[in-house]
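The values are calculated or read from the model by the stated rules, or taken from the named source; none is laboratory data. Nothing here was measured: the structure is a model prediction, and the numbers come from that model. Methodologically, a virtual Cβ is constructed for each residue, glycine included, from the backbone with ideal geometry; neighbour enumeration extends over all protein chains shown. Surface accessibility is based on the protein's heavy atoms, side chains included, excluding ligands, DNA and RNA. Shrake-Rupley method; radii C 1.70, N 1.55, O 1.52, S 1.80 Å.
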Amino acid sequence: MGRGPVAALIYGGSGVAALLVTGVAFAFLIQGDSPWHLKIPIGPPGLGASLVLDGLSAVFLLAVGLAGATASVFGWGYGRDGAHKPGHHGPAPARVLPFFPLFLAGMVMVLLAGDAFGFLFGWEVMSVASWLLVLSTHDEPETPRAARLYLVMAAIGSLCLMVSFGLLAGPEAAFSFTAMREQGVGDGLTALAVVLAVLGAGSKAGLVPLHIWLPLAHPAAPSHVSALMSGVMTKVALYGLCRILFDLAGMPDWWWGALLAALGSLTAVAGVLYALLQDDIKRLLAYSTVENVGFICLSLGLALMFKADGKPVIAALAFSAALLHVLNHSLFKTLLFYGAGAVVAATGTRSLETLGGLIHRLPRTAPLLLIGSAAASALPPLNGFASEWLGFQAILNGPQLSLWGLKVGVMVVGVFAALAAALAAACFLRFFGIAFLGRPRSAEAVAAQEVTAPLQLAMVVPALLCVLVGILPGLVLRLLHDAAAIAVGTALPASGSLGWLWLAPVGQAGGLAGNSYSGFFVLLVAGGLALLVFRLIRRHAASGLRRADAWGCGYPPVGPVSQYSGASFAQPLRRVFASGVFQAREQVSMPEPGETGAASHLLRWRDPAWDFVARPVWATVDWLAGRLNHLQFLTIRRYLMLMFATLVTLLAIMAVLA
Amino acid sequence: MGEIGYDVAHLLGTSILLVSFALLYQRRLTSLINAFAVQSVLLAAAAAWQGWIQASPHLYLTALIALVLKAVVIPVALHRIIARLGIHRTIERVLGVASTLALAVGLVALSLALVLPLAGEAAALTREDLALALSVVLLALLMMISRRNAIGQVVGFMSLENGLILAAIGVKGMPLVVEMSVAFAVMVAFIIFGVFFFQIRERFDSLDVQYLERFRGEGDR
């Protein structure tokens, strides 16, 4: 077929390059250097371009590099013959191979850009390349619509960012970040730039209500690309948000943080509720990304509020929590998407209701996915817990804000965050339980076979890192010092007298209140207790495995459909939370006595973001386009007149301003 | 040289602007073309004068091109076209003279308001020249949109180009090659317009551009 060597070359090259990027970022963070500048001669005329690596971009670069390396391995294994079940192939490699390195390069470009042009150029490369990657599965029925929506949203986001940078650059056209940082453009313009940045970067990151494209586009791509889009591309968008709000726009106002925290808490709860309702495993993971982006934005919002309030140490705590969660989410979300890809490769289906019992058929994938699910549920001692715990420490310091509205507001936000965290655990319990436990619900699930070694390797690496970061979060936190110093002016002080095994932002000079946590000791205690319980049970219970038929209440043994299903698992939560906001409705039709037809259970729900945000906007655009259509049929003189009028108006503006 | 050089340049520039006003209210095509020829002669004189006071001989060449091409060749050719098409008695409908002139005065005021403060540090001569040139350009644009006849629009276009040359000669050190290429572009445009006139005339029996509107490739609107 001739595609083997080419694929190996491209994925090998991308993997090595990504590892290199990881190494550079890691080395930079370890040394804690001053920023590295590199002038490059090509660029817009008269401005040139520059690359800058500083503490903030290096953290994100680390996430991109790691995910890029594992995605290359996974992609290589995924594309090879035999990785898929017969009759179910991924997209043709020619549709993926050219754009995969481009996608990675675009993300790295965004992170390294030292000026607005480089940033926006990389941003566009990233958007277009990922759009093409989504389109690689264009023969699936839902993909074209998802891709179109994605393109439209990406264009709107880029436009917002472009205008935002333009406003921040001011009349001097200071497009390099160094110059932008030094000049202020006045409160009104900065406020507009901040709102536009939240819209632009937020639409890419998946902030509610701009998230509508994300759960359609992310799952449509091949799994390793989904992992990159969900695990890393949203982080690159958050990098843009951090760069503008914390670095370029100067000293924040309190409402920047309030806006971000409110949107973030809404996003976290809405995202996880959506995720709970999903049947498609990849879409479930995409919605879970929305939730995590919400949590990160919430922490960033807190950091902005504390920074504006003159409490830099607490701001550093919130900001470090956000960045730590950025790293953690990129680890466990890539792992989960690889796992979903492995399930798709093994069974050919993404529907939760057709899976089940995979723990016996995928004995190596299952524990890895369990680690990912536990991390996503924020269970100690895994990494998801460490960063969410830090975030909650920041929330608990909320009463130290001086504005009364914010004191109360932060507590409300905290309630939302806690709800989201609890629901996330339920969501991943459902994900893992329905897909891997119980009995297979379809012939495909029965016939599933363990995936090949490269796919397993790509999952093992992030799984190990999830555990490692969870046990020793204090060490990772040290890598974030420079970033926090750039963003809020001071780094989170080292963990005091308790040593590097502990996360203990307590009683520091900045007036932090709170408690301490050590992943390592939690692991020791939990592991010891588990071992003890295991021993006790083994001693006092019967040894050996016994299998027996399930008790069917006297009926003859019924099939696997009688098991708890994904929809029934979610039902209580759906009834409590989703019947109002999402208008979830159930319809049960039972056959009349004597009829032999099957009963049916119909479940419908809708996303309010479509009804209240997307549709009105589209209706307006449609109406405007209809109006403007007349412009196409004017006479030559009218066109000349329009141009003349425009020219005279612009000249008049110039005359007035001068 | 200073005082008198400035005064004469100013006088010539202002005369060109004055002829632009005259161009706006001409009703007959022949007098329109004659007015354009006068403007071109004045432009040639302005270019020659600038060549003298700036001591840059290449401006004499510019003056010569303007004189030969725009004061003689193009007007004569336009007259012949009108004669061959038999439209030399045609009266063009112009927007009301009073309103057009009022609009034109407003445009001149706008360009003065725009250029005088902007080029504050530049030499006074350059500044005045720029303001005059911008006025000429704007008036020519106004003329292009207020005329229905294709010849009227072409004269407007040529007058616009006169305004550009006026701006160019006022600035020291404008390379000759720019003016040469502008002159050449005008020449080519003129030839194309000439061919175009006969084609329109052949098809529609009129030079009124509104007959063209029906023949655009956008369906039957």
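For A:LEU503, which sequence-distant residues (separation of 5 or more, or a different chain) have an amide H within less than 5 Å of its own amide H, given hydrogens modelled in the peptide plane?
Correct list: A:TYR517, A:SER518, A:GLY519.
How much accessible area is lost when chains A and B come together, counting both sides, with a 1.4 Å probe, in Å² rounded to the nearest 100?
Working: alone 29120 and 11370 Å², together 38760 Å².
For chain A against chain B, roughly 1700 Å² becomes buried.
Please list, in order along region B:106-113, the HN-Hα scalar couplings obtained from phi with the Karplus expression 6.51 cos²θ - 1.76 cosθ + 1.60 (θ = phi - 60°), rounded to whole Hz, x for Gly and Pro.
3J(HN,Hα) across region B:106-113, in whole Hz: x, 5, 5, 4, 4, 5, 5, 4.
Pull up all non-local amide H partners of A:GLY489: gap of 5 or more, or a different chain, and H-to-H distance under 5 Å with H placed in the peptide plane.
Placed amide hydrogens put nothing under 5 Å from A:GLY489.
List the residues of region A:602-650 that lose 40 Å² or more of accessible area once all protein chains are present, compared with their chain alone (1.4 Å probe, heavy atoms only, no ligands or nucleic acids).
A:PHE633, A:ILE636, A:ARG637, A:LEU640, A:PHE644
Roll a 1.4 angstrom probe over the protein heavy atoms and tell me the percent of accessible area of the protein assembly as shown that is carbon or sulfur. Walk me through the intermediate numbers first.
Values: 26730 of 38760 Å².
Carbon and sulfur together cover 69 percent of it.
Taking the full set of protein chains and a 1.4 angstrom probe, give the accessible area of A:VAL125 in square angstrom, rounded to the nearest 10.
40
Evaluate the distance, in nm, between pseudo-label points positioned 7 Å from the Cα of A:LEU19 and of A:GLN583 along their respective Cα→Cβ axes.
Going from the A:LEU19 label point to the A:GLN583 one covers 5.3 nm.
Grab the Cα-Cα distance for A:GLU140 and A:LEU602, subtract it from 0.36 nm times how many residues apart they are, and report the gain in nm with one decimal. Don't skip to the answer; put the middle values down first.
Details: separation 462, 0.36 × 462 = 166.32 nm, distance 2.40 nm.
Here the answer is 163.9 nm.
Less than 18 Å from a label point 7 Å out along the Cα-to-Cβ axis of A:LEU396: which backbone N atoms in region A:467-489 qualify, by residue?
A:473-474
What is region A:314-371 by shape, rounded, prolate or oblate, if you read a ≥ b ≥ c off the alpha carbon gyration tensor as root eigenvalues and call it rounded for a/c under 1.5, prolate for a/b larger than b/c, and oblate otherwise?
Numbers: a/c = 3.71, a/b = 2.98, b/c = 1.24.
The shape class here is prolate.
Explain nothing, just compute: Karplus ³J(HN,Hα) = 6.51 cos²θ - 1.76 cosθ + 1.60, θ = phi - 60°, for every residue of region A:228-245 in order, whole Hz, x for Gly and Pro.
With the stated coefficients, region A:228-245 comes to 5, 5, 6, x, 10, 5, 4, 6, 4, 5, 5, 4, x, 4, 4, 4, 6, 6 Hz.
Can you give me the angle between helix A:404-436 and the longest principal axis of chain A, using Cα atoms only, in degrees from 0 to 90, rounded to the nearest 10?
Taking the Cα atoms of chain A, the angle to A:404-436 is about 40 degrees.
Which stretch or stretches of region B:14-33 have amide N atoms under 12 Å from the point lying 7 Å from B:VAL97's Cα along the Cα→Cβ direction?
Correct set: B:22-28.
Give me the percent relative contact order of chain A, please, defined on Cα pairs under 8 angstrom at least 6 residues apart.
Relative CO of chain A lands at 13 percent.
Based only on Cα atoms, what mean projected area does the convex hull of region A:609-657 have, in nm²?
Over all viewing directions, region A:609-657 projects a mean Cα-hull area of 5.3 nm².
Given the convex hull over the Cα atoms of the protein assembly as shown, what projected area results after averaging over all orientations, in nm²? Intermediate values should be presented prior to the final figure.
Details: hull surface 203.8 nm².
Average projection, Cα convex hull of the protein assembly as shown: 51.0 nm².
Taking 7 Å along the Cα-to-C-beta vector as the label spot, tell me the A:PHE534-A:SER351 distance in nanometres, rounded to one decimal.
About 3.8 nm, to one decimal.
Taking N as the number of residues in region A:256-536, what is its Cα Rg relative to 2.2 N^0.38 Å?
Numbers: Rg = 19.6 Å, N = 281, 2.2 N^0.38 = 18.7 Å.
Normalised Rg, Cα atoms only: 1.05.
Grab the other residues whose beta carbon is less than 15 angstrom from that of A:TYR564, score K and R as +1, D and E as -1, and report the net.
Net of charged neighbours comes to +2.
Of A:LYS311/A:LYS407; A:LYS235/A:LYS307; A:LYS235/A:LYS407; A:LYS311/A:LYS333; A:LYS235/A:LYS282; A:LYS204/A:LYS311, which ones are farther than 25 Å apart at the Cα? If you can, show how the numbers build up before the last one.
Numbers: A:LYS311/A:LYS407 14 Å; A:LYS235/A:LYS307 22 Å; A:LYS235/A:LYS407 28 Å; A:LYS311/A:LYS333 32 Å; A:LYS235/A:LYS282 18 Å; A:LYS204/A:LYS311 30 Å.
Listed pairs above 25 Å: A:LYS235/A:LYS407; A:LYS311/A:LYS333; A:LYS204/A:LYS311.
Find the accessible area per residue for the protein assembly as shown; the probe is 1.4 Å, ligands and nucleic acids are left out, and the unit is Å². It would help to have the intermediate numbers written out before the result.
Working: 38760 Å² over 879 residues.
Using a 1.4 Å probe on heavy atoms only, each residue of the protein assembly as shown averages 44 Å².
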